[in-house]
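Working notes for the structure below.
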Amino acid sequence: MKKRAVAVALLTAATVALTGCATSGSTDGTTAADACAPSTGKVDLTFTTWIPGMEETVAIWNKANPDIQVKVQTGPNGNGGTYQNFFNQLKAGNAPDLGQIEYDALPNFRVQDGLTNLAACDGVLDAKSDFVDWTWGQVNFGEDKSVYAIPQDAGPMAMFYRADLFKANNIAIPTTWDEFATAAEQVRATGGYITNFSQSDINQFAGFVWQAGGTWFKNDGDKWTVDLTDPTTTKVAAYWQDLIDRDLVSTNPPWTDEWNNAYNTGSDWTWNSAAWGANSIASGAPDTAGQWAVAQSPQWNAGDKASGNWGGSSTAVFKGSKHPYEAAKFALWLNTSDESLTMLNKTANLYPAAKSGLELPALKAGVPFYGDQAIYDEFAIASAQVSPDFIWGPTMTQTYNDVSDGFKAAVSGKGTLEEALKVGQTNTIAAMSAQSIPVNK
Amino acid sequence: MSASAALSTDAQGSAARTSRLRKPRVQKVRVAHKGAILAFVLPFGVLFGLFYLVPIGYAIYESLLVIKREGTFGAATEVFGGFTQYVLVFQNGPFWQSIGRVLMFGVVQVPIMLGLALLFALLLDSPLLRGKRFFRLAFFVPYAVPGVIAAIMWGYLYSPNLSPFSAVTENINFLSADLVLWAIANVVTWVYVGYNMLIIYSALLAIPTELYEAARLDGAGQLRIAWSVKIPLIMPAIVLTAIFSIIGTLQLLAEPQVFRSFSSAVTSTFTPNLTVYTTSSIPNVNLAAAFSVVLAVATFILSFTFLKFTQRKEAK
């Protein structure tokens, strides 16, 4: 009996192997734009996203476009599981038409051949001038005739701070990272922490490196270069390592209730974060309403004007969508129309990547949670200071996981941030080699 | 094909052997049975094939492929790579560390959990305990809580600042690198003790009461009956729960995955299954498939060795 079972198993395996071979041979190169013709009749599109309140924005579109109906599916944020679903769906051939993809994940999806090049779709190439320059650079990968997604929002970074606590304790608002370290000591003396160091969301650290002028990846067309240990990154890592060593920053895992609680109870005083972070604080620390304000991020040299970027995402059309024309049309409306951008800002504090969006009345008004400060004016300044040169690698999920494993160890007192970046460097090169992605070793 | 052909020759062979006695009738009955057997086995067979054999076959197939591409954004093609992925598996330090970690986990947690399950089952079965129905339900209730929910709940209980027992958790950090494995062990034990208890308890109920009577006549007390009559008789049930637990330990995923967001000490390669999950999210499905196959083989060897070991002991 046992032998027979083995025979059956082998036979099944062989059949699977054969059918597998038959289906997997059809991948083709995508340097040219994909065909993009309108469909006839009523079109139904699916759109997977994690942006809160996206349903309300899409409802505006559905009402105005009875022939192109969009159905919203929601999931966890990208690295929280939605990207993995996308990759699985792409492999299975049942991906949604449209998906929310952060800029840092676009190279990963392109390398897995998951994105439709929308350059041939109506109005897409012309939309270039509608968007803030660096965001367009993220979706066209520096190629004139390519558009792999439509930019949605940006995450220019500034410093949220507890205006009341700084004032009550007579501590000056830091404008340089040196002053920030000094202020950290003063805040610690009162029993609080100046900020929380993000141990598992590596995007914040990437934003710090971006501000300092570092880059982690280069792509010369033939080969990738990975550089997680360049002098700039090492300088930023050493700075935060020092604050961690001296117990001047808290290290609650980000996006947990523990983390919310530290802000809600006034234990953590500042947060260097992106425009969309305004939403995170307001929902995570409701008891501190009215006490917050926003200032430019501290600079490495007094008088510098540099900002980093944390997150921001795009709307991509997946390979295999039968209606790229309609999907591109919707994506352009979603990310450039005043009505859509106003609603997305209202429901999710998204900071538009479209230039026209920066002039929206909603982005000029004072925000009650921030003491009626017109906080988006600060983010507008920051947005103009974001360097366009920062490039993401093609295996960011892996890079984040490896660096995060090391950062977690570092905040627990085992190893340093610098060592974590070294491991991240080695593992990223290995992960790229494992998929035959050409990389300098 | 070959299997069913073998089956029919087998049937013919046995039919030929019996044909000398009552030829026509026996053959008719045999055919009727075959149809019935097929009808009963088919639903299982189809599902077993579709959701067990085919996925395993597909995983093995994927694990033998490597990806080739030209240029920084070139399209990927999967080509046969032999055992390339398996070489990477055996060179992967974090994967083997994670296996070591769950083995250590299993060596400590499984005996504690099964010890408690056995103790509770014996207590439920003893005539000394009152309120049996209540306790049987109370012990079993944690198993009805989904594993992820249980992990989140315990995560909050362990949390240094938010825990209702913060007087304890502020001083002892259960989520630290030294303790988090045992914090997870506690969650797993809490969830599965009741389940294992029920398996052992139902084995106890199957023991004929005459044996207890005989033992009592021989002067055995309750403790002596438990030790010398009950435990030896329910040994097969205990072995069964032990094998389930060993498999469960090697496949730990939900609890560490939930604890990853609470604790600095749970890495993306904390358990073997978490390593598989992390690798597949790169996405590097070929390497993830090779990890899975190696893990499956390791699980099989471990459970099989345990079974052989206990059977040999019983034979003695």
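How far, in degrees from 0 to 90, does helix A:202-212 lean away from the longest principal axis of the Cα atoms of chain A, to the nearest 10?
The two axes meet at around 70 degrees.
Going by a ≥ b ≥ c, the root eigenvalues of the Cα gyration tensor, does the stretch A:175-250 fall in the rounded group (a/c under 1.5), the prolate group (a/b larger than b/c) or the oblate group?
Prolate, because a/c is 1.5 or more and a/b exceeds b/c.
Under the classification rounded if a/c is under 1.5, otherwise prolate if a/b is larger than b/c and oblate if not, where does chain B fall, given a ≥ b ≥ c as square roots of the Cα gyration tensor eigenvalues?
oblate
Can you return the lysines within cross-link range of A:Lys364? Criterion is Cα-Cα under 18 Å, with same-chain partners fewer than 8 residues away left out.
Cα-Cα hits under 18 Å: A:Lys346, A:Lys355.
With point charges of +1 on the Cβ of Lys and Arg and -1 on the Cβ of Asp and Glu, referenced to the Cα centre of chain B, which listed residue (B:Ile301, B:Thr189, B:Ile225) lies farthest in the positive direction of the dipole?
B:Ile225
Compute the helix-to-body angle for A:82-92: its Cα long axis versus the longest principal axis of chain A, expressed 0 to 90° and rounded to tens.
10 degrees
Using a cut-off of 11 Å between beta-carbons, work out the net charge of the residues near B:Glu78 (Lys and Arg +1, Asp and Glu -1, B:Glu78 not included).
+2
Need one number: the % of Cα-Cα pairs in the protein assembly as shown sitting beyond the 38 Å mark.
50 percent
Let me confirm one metric for peptide B:63-74, namely the mean number of other chain beta-carbon atoms within 10 Å of its residues' beta-carbons. It would help to have the intermediate numbers written out before the result.
Values: counts 0, 1, 4, 3, 5, 2, 8, 4, 7, 15, 16, 9.
Per residue, the number of nearby Cβ atoms from other chains is 6 on average.
Lysines near B:Lys308 by alpha-carbon distance under 19 Å, same-chain residues fewer than 8 away left out - which ones?
A:Lys2, B:Lys316
Angle check, please: helix A:338-348 long axis (alpha carbons) against the longest principal axis of chain A (alpha carbons), in degrees 0 to 90, nearest 10.
Tilt relative to chain A: about 70 degrees.
Can you order the peptides A:263-270, B:103-110, A:397-404, B:240-247 by their average number of other Cβ atoms within 10 Å per residue, highest first?
Highest to lowest by the protection proxy: A:397-404, A:263-270, B:240-247, B:103-110.
Which of the helices in chain B meet the span-like rule: DSSP H, Cα axial reach of 27 Å or more, Kyte-Doolittle mean at least -0.5?
Within chain B the helices that satisfy the rule are B:2-48, B:93-125, B:180-205, B:285-315.
Let me check I've understood the local charge: for B:Ile152, count other residues with C-beta under 15 angstrom from its C-beta, Lys and Arg +1, Asp and Glu -1. What total comes out?
Value of the local net charge: -2.
Average partner chain C-beta neighbours within 10 Å, per residue of B:258-265? Each step should come with its number before you reach the end.
Values: counts 0, 0, 5, 8, 5, 5, 15, 4.
So the per-residue partner count for this stretch is 5.
Less than 10 Å Cβ to Cβ from A:Ala181, Lys/Arg counted +1 and Asp/Glu -1: what total charge do the surrounding residues give? The partial results should precede the final answer.
Values: positive: A:Arg246; negative: A:Asp178, A:Glu179, A:Glu185, A:Asp242.
Computed value for this residue: -3.
Take B:Thr169, A:Thr195, B:Thr305 and order them by how many other Cβ atoms sit within 10 Å, fewest up front.
B:Thr305, B:Thr169, A:Thr195
No value in this document is a laboratory result; all are computed from the given coordinates. Computed from a predicted structure; not experimentally measured. Positions of Cβ are backbone-derived with ideal geometry, glycine not excepted, and every protein chain shown enters the neighbour counts.
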